[in-house]
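A.B. asks: Please see the structure below; I have some questions.
The values are calculated or read from the model by the stated rules, or taken from the named source; none is laboratory data. Predicted model, so just to flag it, every value in this text is computed and none were measured. In this analysis, Cβ positions are derived from the backbone assuming ideal geometry, glycine residues included, and neighbour counts consider all displayed protein chains. Accessible surface areas use protein heavy atoms only, side chains included; no ligands, DNA or RNA. Shrake-Rupley method; radii C 1.70, N 1.55, O 1.52, S 1.80 Å.
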Amino acid sequence: MRFPFPLSLDPLSFFVGFIVASIFWWIVTRSRPLIKEISENLKTQREEAQARRTSSVEENHRRITLRRAQGMHLAAPLFALDEILIEPRLLAPLPHIEPGGPIPSEDIVTQTLPYMPAWPELAAVYNAPTLSLEDALSGGTNLVVIGQPGAGKTVALARLASLAANRSETLGALKDIVPFLIHVADLRLPVNDTKDALNLLVETNSEHVSVLDLGRLPGFVQSCFRSGRALLLVDGFDELTPDGQQSVSDFLKLLLKEYPKIRVVVTGAPEYMDGLISLGFTPLALAAWNKQQESKFIQKWSELWTQFVAVEAWAQTGPEQVDPILLNAWLNTETRGLTPLELTLKIWGAYAGDALGPHTLEAIATHVRRLAPANTPIAALELLAMQVTLTGQPVFDPHKAREWVKQFETPEERSEETTGEEAEQSASEEPPTGRIGKKKTKTTPSPTPGLLGKLASSGLVVSHLNNKMRFVHPVFGGFLAGQALSGFKADETLLNQPDWAGKILAMRYLAAYGDASDLVKNMLEWSRLPMHRPMLTAARWLRDAPRDAPWRGKLMAALAELLQADGLPFALRGQAMAAFVASGDPGAATLFRQLTNTLSFELMKLLALGSGAMKDTKAVRTLEGMLQAPSLSARRAACLALVAIGTTEALEVVAKTLLNADEDLRRAAAEALANDPTEGHAMLKDGATLADILLRRAVVYGLARVDEPWSTELLQKMQVEDDQWVVRNSATEILDERAHVTQNPRVPRPLKPPAQNPWLIEFAGKQGVGIAPGSPATDVLLAALKSDKEEERIAALPYLKQNPNEGIVKQIYSVMYADHPEAREAAFITLWEIGASGFKLPHPTQYGFS
């Protein structure tokens, strides 16, 4: 290429240009940190501006959530939740075992009592270890709070929501977490896209926020979920059918995949948690109330009622008020085996003076009548509940429900219905609302006309988004359905349904009001290993059923057979014992005494625990003789039972044991006395001053189970002033353990990936194999399940439950049927979780186990 003009290079210009360029790039290079700092400052300013824009939304959201949570309990028309609350506690699960790690400390209760999350009532009798909701969350796992209907699961979620809304210091590192409290009935499921899943949460929360905050709500929700600051509290999962539960599980799977840092707590039932276990959720049972908590609740109710309710005009015109001291004395003798819901209704009826009778069923009937609109036929309520149950629709469409109860509506109600349907049709033509990135309009449940509208206004049923309704509590729906079904022959329809809360409750109350012989017969025929779920489900009917029910003897005989079946897991046989206790049948106490001549020490232990839970005073001498048994575990159970019975005669036997027995039994006696806050604690205080060295050392371990300031002070005094080093050392051991507990082994924590777990890597190395990152390492875990070391077998179980198949279940059966008690119980609990997650467990005989 040729240029039209010759090129000439000016040396001076070149030199000046070179110098200028060099200076320019030197300045740019030197200013890079400054530019980076300016960029970060601008980013921080944008984030702070975003935070300022959303802070008002967040504060309003917290305030609204707190107000909602304070009204999420049965007595909300009378008291705020915090005024009447007994702190919900969770039954502490089996401790996490890590091969080569520290050995968890145990006491008389953890060594003696089987872990039975489906029957927590026995744990309350013997003060088994529990966790606070805050402690359970601190481990980092998502939780399923399980319990029987009426156990207080909704209140537990409301308590968590209140703590989070108030930024409670008790939440520790989660203090600033933002609660999102929803009911499954408000969710339009199924969803297939993550954006749609988050839109659902925006939609459900838009019902409660002010119009001014609607436009900023989507951004606030997105910000909380993306940053991992969201605490999603999902109520009502336990009320759904299996199909409904699976839809909710799929919804949670979408959310957790996109936002893995959020925390989720769901309510569940011990028998069915479809889809949650495979997502890494940990089921924790709500602890039942012990006698002290029941008495505290009664006293709180008494004080609040006297101070606020009794002075109201409507209360003054009602029945004459009975002296609260007399009422409380009567109520404190009538609390055995009641759920918090049942106890609340019983107290309410006693103080309001409107109770239909003293029985638990009459307390429920009283509250249904209390909630029902005036002049509403009970037959209409029963028909509605029966149709909800038979059609398997815990969350139902009011349009269909109107057809069910139309015959009970008055002409005025039918007129309201016609007007209401026209309004609904007009509302349905409006465009959808609540979508992220679009203009928002506030969405609220539309008023429901006719009889259903009156039921919603009175509080017996609740209206939800998307034109859905449900009974305010499944117990009321089940109670009404059971009464209705007692006059119909619908056994086959019920039995053909998959298990869900409405079905189980309807059968329970049908058994109380009608003949459940065919139901029980079929459930006993279907009941089988490894869980015997149908039999144990029917066992909960015994308490309320007539004592002369024709099916009662057959069911109790089957339970007695399971109780005496040697070789089965202790926790399974323990559920049969717990069922006898829950029945309240005097024949159960007699059975326990008659079987105490057994040569099986495991059975002996269960019989002792059963006698104590039933407070069978006739068993005191039998239990005293059991203190001479060769088995230390049986002797421990006898000590616990005698303290639970609590009579002067029983406590004298324990005191004599504390003074004169061998060292192990003295320690058992002292630890058992810690369960008695009056006489037992007084004995421990006195024992700390006596001259007997073995007695004082045993008292140290008893004081370790007393969570009171005076106990710590007494231990500190013994640590310094006792003249025997063996006593001082024991006191020091207990105090050090209390002071340096950094990680409670019973708090559930996320599993490390197999490729990052030191013990599993070491085990795989010994097998000559490796673990690839991201691999489930199933073959290595199954090899660990066959290890000679019990701790390795136990540590492998939590991994294997997440993706079960028949091969894995077979190997877990081999652990359950082996002769190693700790591994056997851990295997049984693992199988329970697998079965509750929706996996159908094969019968053990299929693999040669008998």
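A.B. asks: Just reorder Asp250, Asp723 by solvent-accessible area, largest first, 1.4 Å probe, all chains present.
C.D. replies: Result, largest first: Asp723, Asp250.
A.B. asks: Grab the DSSP H runs of the chain that are 4 residues or longer, score each as -39,500 (n - 2.57), total them, divide by all residues and round the 222 nm result to the nearest 500 deg cm²/dmol. Mind showing how you got there, number by number?
C.D. replies: On the way: 40 runs with 476 residues, N = 850.
That calculation yields -17500 deg cm²/dmol at 222 nm.
A.B. asks: Students often get this wrong, so try it: which of (i) 15, 46, 30, 8, 0; (ii) 12, 36, 30, 18, 3, 0; (iii) 13, 42, 32, 8, 3, 1, 0 is P(r) over Cα pairs in 20 Å bins from 0, in percent as calculated from the structure shown?
C.D. replies: Comparing each candidate, only (iii) matches the computed number.
A.B. asks: Are there trypsin sites (Lys or Arg not before Pro) in region 203-311 that DSSP marks as loop and that have at most 12 other Cβ atoms within 10 Å, and which are they? Let's see the in-between values first.
C.D. replies: Numbers: sites: Arg216, Arg226, Arg229, Lys253, Lys257, Lys261, Arg263, Lys291, Lys296, Lys300; in loops: Arg229, Lys261.
Listed in order of number, the matching sites are Lys261.
A.B. asks: Give the cross-link partners of Lys554 among the lysines, using a straight C-alpha distance below 26 Å as the criterion and excluding same-chain residues fewer than 8 apart.
C.D. replies: Reachable lysines: Lys489, Lys503, Lys521, Lys605, Lys615, Lys618.
A.B. asks: Further, regarding this structure: Out of residues 5 or more away from Thr267 or on other chains, whose amide H comes under 5 Å of its own, with H placed 1.01 Å from N in the peptide plane?
C.D. replies: Val145, Val234, Gly236, Phe237, Asp238
A.B. asks: Moving to a separate point now. With the cut-off at 32 Å, tell me which of the pairs Lys766/Lys801; Lys253/Lys468; Lys346/Lys656 have Cα atoms farther apart than that.
C.D. replies: Cα-Cα > 32 Å for Lys346/Lys656; rest within.
A.B. asks: Also, quick follow-up: So what's the gap between the Cα centers of region 551-620 and region 463-498, to the nearest angstrom?
C.D. replies: If you average the Cα positions of each part, the centres end up 33 Å apart.
A.B. asks: Identify the trypsin sites (Lys or Arg not before Pro) of region 547-605 meeting these criteria: DSSP loop state and at most 12 other C-beta atoms within 10 Å of the C-beta.
C.D. replies: Passing both the DSSP loop test and the Cβ count: Arg547.
A.B. asks: A follow-up question, please. Whole Å is fine, so just give me how far the alpha carbon centre of region 81-133 lies from that of region 318-383.
C.D. replies: Cα centroid to Cα centroid, the span is 31 Å.
A.B. asks: Can you give the accessible area of Thr317 in Å² (nearest 10), computed on protein heavy atoms with a 1.4 Å probe?
C.D. replies: Counting only protein heavy atoms, Thr317 exposes about 120 Å² to solvent.
A.B. asks: Which percent, to the nearest 5, of DSSP beta bridges fully inside the chain are antiparallel?
C.D. replies: 35
A.B. asks: Calculate the dipole size of the chain relative to its Cα centre from +1 charges on Lys and Arg beta carbons and -1 charges on Asp and Glu beta carbons; express the result in debye to the nearest 20. Numbers along the way, then the final one.
C.D. replies: Details: 85 positive and 98 negative charges, 400 e Å.
In total the dipole reaches around 1920 debye.
A.B. asks: Whenever you get a sec, line up Thr732, Thr366 from highest to lowest accessible area (probe 1.4 Å, protein heavy atoms).
C.D. replies: Numbers: Thr732 40, Thr366 0 Å².
Descending order: Thr732, Thr366.
A.B. asks: Excluding Ala156 itself, calculate the net charge of residues whose Cβ lies under 10 Å from the Cβ of Ala156, where each Lys or Arg counts +1 and each Asp or Glu counts -1.
C.D. replies: Details: positive: Arg89, Lys153, Arg159; negative: Glu87, Asp235.
So the surrounding residues net to +1.
A.B. asks: I need the GluC sites (Glu not before Pro) found in region 167-243, filtered to DSSP loop residues with at most 16 other beta carbons within 10 Å of theirs.
C.D. replies: Those satisfying the criteria are Glu207.
A.B. asks: Here is a further query. Determine, at each q value in 0.13, 0.14, 0.17, 0.18 (inverse angstroms), the log₁₀ of I(q)/I(0) that the Debye formula gives when each Cα of region 200-276 is one equal point scatterer.
C.D. replies: -0.46, -0.52, -0.73, -0.80
A.B. asks: So how do 512-523, 111-122 stack up, highest first, on mean other-Cβ count within 10 Å?
C.D. replies: So the peptides 512-523, 111-122, ranked by packing, come out 111-122, 512-523.
A.B. asks: Taking H placed 1.01 Å from N in the peptide plane, check which residues at least 5 places from Val461 or on another chain put their amide H under 5 Å from its amide H.
C.D. replies: Result for Val461 returns Ala456, Val472.
A.B. asks: Continuing with the same structure: So how exposed is Phe849, as accessible area in Å² (1.4 Å probe, rounded to 10)?
C.D. replies: 40
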